[in-house]
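A.B. asks: Have a look at this one before I ask anything.
The values are calculated or read from the model by the stated rules, or taken from the named source; none is laboratory data. Since we're looking at a predicted model, the values are computed, not measured. Methodologically, a virtual Cβ is constructed for each residue, glycine included, from the backbone with ideal geometry; neighbour enumeration extends over all protein chains shown. What goes into the accessible areas is simple: the full protein's heavy atoms, side chains included, and nothing from ligands, DNA or RNA. Shrake-Rupley method; radii C 1.70, N 1.55, O 1.52, S 1.80 Å.
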Amino acid sequence: MSSWSFSLTIARWLTPSRSRRRGPERPPPRGTPGLLGHIRLREVTTGLVDRAIDSWETTHSRSTLKNTIAALTRVLDEAVRDDLITRNPVRDRADRRYRPNTELPHAKLIPAPDDVARIAAACADIHRSYGDHVMLSAFLAARSSEVGGLVVGDVDWKNKMVTIERQCFPGAGGLSIKPPKGRRARRVPIIQPLEPVLRRLTMQRARNLPLLRGPRGGVITTAALRDATGWDELVASLGSPGLRRHDLRHAGATWFANVGIPIHVVSDILGHASVETTRAYLHTDNTALQNAGALMNEHLREAAMSN
């Protein structure tokens, strides 16, 4: 593999999706700001990597940055193994931490269960399956692909539980069915607002049938839900501007935590291997802060009266 063709490989990973659709015979555009893909392999230095990461830190999320660096590291490790370069410049760079965020974090807008029910009802006006998908995502704190992987038999009415043990999503060769991201099955309690939806979806249906499919019988992806419902405009009109489809999972996790469920139990519900990952999912909204203030005021009043 030549240096130039290897550079093209890097470019396909590190350029925006619009550029990825170019055929491999076309070099990526030179001078693209913040990218390494246009640079020949042997010209990628530790300094270039550091400056690229500095640029990415200002424009991309922490998870995107982490995943991009991981992909770049693995690509350059292969180059070392193939004797195209002597050392991986990503691994040679000085140990560094992500740039600290010194700004005061804003409380993330987490919709209440009633808000989600209104969003689901608006989506159901377009097609009932879209409303069901919103309800399942939020009240099971599930990923969209996990909702697509549910079958009727996963709903345990005796114990009021739903087992999430697979994800299903469209792939290049058709539907892909895999274990959940955490590689282990998990159980989620059935919350009362979700019960009527699950009753309807499971009533007199074979256990091996998919629990939910879209209007044309396919898996509902986040992109399909966005396009079919005009998601951004819809949620903004209902008082939740900027709410993403994946935020429904965050909302469900926050609801569980806000009622006092221990974080290790919330972690199990979400399928996280670490409670530290779960902490990143939980968002202290204004209501929780106001409730905390009210409890503290009540405690102070009681202490004053006792004295």
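A.B. asks: What pairs can you find where one residue is in segment 59-87 and under 22 Å from T277 (Cβ atoms) and of a type in the set (D, E), the other is loosely packed, with under 11 Cβ neighbours inside 10 Å and modelled with pLDDT of 80 or more, and their Cβ atoms are less than 9 Å apart, with a gap of 6+ or different chains?
C.D. replies: That search, which allows pairs on different chains as well, returns nothing.
A.B. asks: Answer with yes or no whether R187 is under 23 Å from F256 (Cα atoms), charged (D, E, K, R) and touching a residue at least 24 places away in the same chain (Cβ under 8 Å). Spell out the reasoning first.
C.D. replies: Details: under 23 Å from F256 (Cα atoms): yes; charged (D, E, K, R): yes; touching a residue at least 24 places away in the same chain (Cβ under 8 Å): yes.
For R187, the condition - under 23 Å from F256 (Cα atoms), charged (D, E, K, R) and touching a residue at least 24 places away in the same chain (Cβ under 8 Å) - is met.
A.B. asks: Those residues that are assigned to a strand (DSSP E or B) and surrounded by 13 or more Cβ atoms within 10 Å (Cβ to Cβ), I need them from segment 146-174; list them, please. Outline the logic, then answer.
C.D. replies: The first filter runs over segment 146-174 and keeps only residues assigned to a strand (DSSP E or B), leaving 151, 155-156, 161-164, 167-171, 174.
Once the filter is applied, which keeps residues that are assigned to a strand (DSSP E or B) and surrounded by 13 or more Cβ atoms within 10 Å (Cβ to Cβ), segment 146-174 yields V151, V155, M161, V162, T163, I164, Q167, C168, F169, P170.
A.B. asks: Is it fair to say L243 is at pLDDT 85 or above, over 21 Å from the mean Cα position of the chain (by Cα) and open to solvent by less than 40 Å² (accessible area, probe 1.4 Å)?
C.D. replies: Numbers: at pLDDT 85 or above: yes; over 21 Å from the mean Cα position of the chain (by Cα): no; open to solvent by less than 40 Å² (accessible area, probe 1.4 Å): yes.
Considered against the rule, which asks whether it is at pLDDT 85 or above, over 21 Å from the mean Cα position of the chain (by Cα) and open to solvent by less than 40 Å² (accessible area, probe 1.4 Å), L243 comes out as no.
A.B. asks: Next question. Which number in (1) crowded, with 16+ Cβ neighbours inside 10 Å; (2) in contact with a Gly (Cβ under 9 Å, 6 or more places away or on another chain) marks the one condition that L282 misses?
C.D. replies: Just one mismatch for L282, condition (2).
A.B. asks: Of all the residues that make up segment 106-128, how many are modelled with pLDDT of 95 or more and buried (at least 20 other Cβ atoms within 10 Å of the Cβ)?
C.D. replies: Matching residues across segment 106-128 total 4.
A.B. asks: For segment 221-236, which positions are over 22 Å from F169 (Cα atoms) and in contact (Cβ under 8 Å) with a residue 12 or more places away in the chain? Let's see the steps before the verdict.
C.D. replies: Going through segment 221-236, the residues over 22 Å from F169 (Cα atoms) turn out to be 232-236.
L234, V235 - these are the residues of segment 221-236 that are over 22 Å from F169 (Cα atoms) and in contact (Cβ under 8 Å) with a residue 12 or more places away in the chain.
A.B. asks: Among (1) assigned to a helix (DSSP H, G or I); (2) among the hydrophobic types (A, V, I, L, M, F, W, C); (3) at pLDDT 50 or above; (4) in contact with a Lys or Arg (Cβ under 8 Å, 6 or more places away or on another chain), there is one condition W4 misses while meeting the rest; what is its number?
C.D. replies: Among (1) assigned to a helix (DSSP H, G or I); (2) among the hydrophobic types (A, V, I, L, M, F, W, C); (3) at pLDDT 50 or above; (4) in contact with a Lys or Arg (Cβ under 8 Å, 6 or more places away or on another chain), W4 violates only (3).
A.B. asks: Looking at (1) surrounded by fewer than 14 Cβ atoms within 10 Å (Cβ to Cβ); (2) more than 20 Å from L270 (Cβ to Cβ), which is the one condition that is false for L201?
C.D. replies: Failed condition: (1).
A.B. asks: Ok, one more. Do we have any residue at all in segment 216-225 that's open to solvent by 50 Å² or more (accessible area, probe 1.4 Å) and in contact with a His (Cβ under 9 Å, 6 or more places away or on another chain)?
C.D. replies: Checked against the condition, which is being open to solvent by 50 Å² or more (accessible area, probe 1.4 Å) and in contact with a His (Cβ under 9 Å, 6 or more places away or on another chain), segment 216-225 yields at least one hit.
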